[in-house]
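Note sheet for the following structure.
FYI, it's all coordinate maths here, none of it is from the lab. Quick caveat: nothing in here was measured; it's all calculated off a predicted structure. Glycine also receives a Cβ, built like all others from the backbone with ideal geometry; neighbour counts cover every protein chain displayed.
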Amino acid sequence: MSTALIILGAGMGTRMNSDMPKVLHRIGGAPMLIHAMKSGAALLPEKTVIVAGHGAEAVGKAAKAYDDTAQIALQTEQLGTAHAVAQAEDPLKDFDGDVIVLYGDTPFIRPKTLAAMTAARLTHDVVVLGFEAADPGRYGRLIMKDDQLDRIVEFKDANDEERAVTLCNSGVIAAKSETLFDLIDAVGDDNAAGEYYLTDIIGIARARGLTATVVRCDEAETLGVDSRAGLARAEALFQTAARTEAQDNGVTLTAPETVFFAHDTVIGRDTIIEPNVVFGPGVTVESGATIRAFSHLEGCHVARGAVVGPYARLRPGAELAEDVKVGNFVEIKNAQIDEGAKVNHLTYIGDAAVGARANIGAGTITCNYDGVFKHKTTIGADAFIGSNTMLVAPVNVGDQAMTGSGSVITRDVPAGDLAVARAQQDNKPGFAKRLFEKLRAKKAKGS
Ligand code: UD1
Ligand code: MG
């Protein structure tokens, strides 16, 4: 059975108190919406429709950045969840498989749970994802009757007996496309909120003799984000899960609670991650690497056996080959560092290629930016860059070449050559001693 996803994300998210639409607030470096899309992607959906309203342009852009086949349906007025789903009818008019409705502000639904829902669809017309709530609060209540889901009642509309039910609605619903839109057509807005409730389709389905059931999941999985505090709680849950996953994959985390992962971080087995390391999006670290304390990595690749940090910053496009060493207070951006090269201290390497086994001295800077354009620096294999060398790009240093400490290199250095580009040293015999005497005498006179 082919599947389509409808992800609701038109709501304003008033309680976020933000100019940004709620579903674009980030967890693990990715908008919540992308987490929902990722969960759904496990079902290999034929179509994905994002219902957007507030900040629709930005929501559409983020969705398409993740999946350029995603379609955006506009809901200009937020009249309720059923009305939101109805906006996806047109983009799905040629689709006749199963539809799963997800919320863009509910980022932790597991692919396994969605698979259980599609399995339950084989025996029931409508499947709802429910959970036992520790504190059912304002969630919709799932009312069961004779082993079937009979209806969902929203908190605002529920009587005391219904409010006592602890089995709650997560919001995720699955049904055949045709069935879903037929049922939605019949939904009205005569209720406490004056909204078109998606949840009403269950009662309507049952009245028409269709079947409905509940697939249950853990409450943590259906956690929705409504406020900044909720966002922080979701981030904490995400990080806890990411740390456990890394550990299960054979990664040593010296102080797990201080390491922060992104939604797409990949770390190989037997890598060691010391305390206070932060991974931005797009990082892959191979097996047996060491990421030392207080390092920040983003959009980069670290090969087997490399050692990064402490206090290193790897920015997008940093490519570290095997056994590379990048030390303290070193920043690397858009640069390929070949096998065994060392960039150990206080250095900026940007828009560059560094050859195998090259040694980059402390305080080296690739001066890659002229204020308008970026330029490339190439350093050959086995080259030795003296401390405090300024490499004014575009510039090439050949294999086994050397630069003298403190040099400002503006022209290419051929392979095997030594380039020294600094003022000549001039020693003045006894001069310092005489100067000191003069100065001390002046101080003694009190002036
Ligand atoms: C909804 C459910 C409730 C469930 C709860 C779980 C309904 C009527 N109620 O309530 O049973 O327990 O979720 O969290 O469905 N949205 C739109 N357009 C709209 C309205 C909402 O796109 O017109 C989107 C929101 O952006 C959000 C999602 O739908 O992503 C849920 O809307 P929300 O207002 O949070 O519903 P709840 O009142 O929480
Ligand atoms: Mg909600």
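Can you give me the angle between helix 56-66 and the longest principal axis of the chain, using Cα atoms only, in degrees from 0 to 90, rounded to the nearest 10?
Rounded to the nearest ten degrees, it is 70.
If the elastic network links every pair of Cα atoms under 10 Å, which of A164, A356, A88 fluctuates the most in the Gaussian network model of the chain?
A164
Over the alpha-carbon set of segment 3-222, work out the extent along each principal axis and list the three values in angstrom, largest first.
Each principal axis gives a Cα extent; for segment 3-222 these are 45, 38, 32 Å.
What FRET efficiency comes out for T69 versus E245 if R0 is 22 angstrom and r is the Cβ-Cβ distance? Round to the nearest 0.05.
0.20
If one takes the longest principal axis of the Cα atoms in the chain, at what angle in degrees, from 0 to 90 and to the nearest 10, does the Cα axis of helix 111-120 lie?
20
Step by step: find N for segment 228-324, compute 2.2 N^0.38 Å, then divide the Cα radius of gyration by it. What's the final number?
Cα-based Rg divided by the globular estimate yields 1.00.
Once the other residues with Cβ under 12 Å from the Cβ of R15 are scored (Lys, Arg +1; Asp, Glu -1), what is the net sum?
Taking every Cβ under 12 Å from that of R15, the sum is 0.
Relative contact order (percent) for the chain, with alpha-carbon contacts under 8 angstrom and 6 or more residues of separation?
9
Pairing the Cα long axis of helix 431-444 with the longest principal axis of the chain, what angle in degrees results, from 0 to 90 and rounded to the nearest 10?
Around 80 degrees separate the two axes.
What longest region of the chain stays clear of trypsin sites (Lys or Arg not before Pro) that DSSP places outside H, G, I, E and B and that have at most 12 other Cβ atoms within 10 Å?
For trypsin sites (Lys or Arg not before Pro) (loop position, at most 12 other Cβ atoms within 10 Å), the longest site-free span of the chain is 270-410.
Connecting C-alpha atoms closer than 10 Å in a GNM of the chain, tell me which of A306, A58, A212 has the biggest fluctuation.
A58
Could you tell me, in Å, what Rg and Dmax come out for the Cα atoms of segment 330-419?
11.2, 33
With a point put 7 Å past each Cα toward its Cβ, work out how far S2 is from S287 in nm, to one decimal.
Result: 4.1 nm between the two label points.
Give the long-range amide H neighbours of T271: residues separated by 5 or more places, or on another chain, with amide H under 5 Å away, using H modelled in the peptide plane at 1.01 Å from N.
It is T252, G288, A289, by chain and number.
So between R163 and M20, what do we pick up on full extension, going 0.36 nm a residue minus the alpha carbon distance? Walk me through the numbers before you get to the answer.
Working: separation 143, 0.36 × 143 = 51.48 nm, distance 3.36 nm.
Working it through step by step, the gained length comes to 48.1 nm.
Ordered by residue, what ³J(HN,Hα) values in Hz, to whole numbers, does segment 31-43 give under the Karplus form 6.51 cos²θ - 1.76 cosθ + 1.60, where θ = phi - 60° and Gly and Pro are x?
x, 3, 4, 5, 4, 5, 5, 5, 4, x, 4, 5, 8
What is the diffusion coefficient of segment 110-227 in µm²/s, taking the Kirkwood radius over Cα pairs and the Stokes-Einstein relation at 10 °C with a viscosity of 1.306 mPa s?
It diffuses with D of about 109 µm²/s by this estimate.
Would you mind computing, in nm to one decimal, how far apart the modelled labels at A186 and A421 are, each placed 7 Å from Cα along Cα→Cβ?
Once both label points are built, they end up 8.0 nm from each other.
If you consider only alpha-carbon coordinates, what radius of gyration and Dmax does segment 250-419 have, in Å?
Considering segment 250-419 through its Cα atoms, Rg and Dmax are 15.7, 49 Å.
Rounded to two decimals, what is Rg over Rh for the chain when you use alpha-carbon atoms and the Kirkwood radius? Walk me through the intermediate numbers first.
Working: Rg = 30.3 Å, Rh = 25.7 Å.
With Rh from the inverse mean 1/r over Cα pairs, Rg/Rh is 1.18.
Among T222, T258, T14, which one moves the most in a GNM of the chain with springs linking Cα atoms closer than 10 Å?
T14
In whole percent, what relative contact order does segment 250-419 give with Cα contacts below 8 Å and a gap of six or more residues?
Contact order relative to length: 11 percent.
Å³ per residue of the Cα convex hull, for segment 1-69?
81
Taking the Cα-to-Cβ direction at E132 and at D218 and moving 7 Å from each Cα, how far apart do the two end points lie in nm?
1.4
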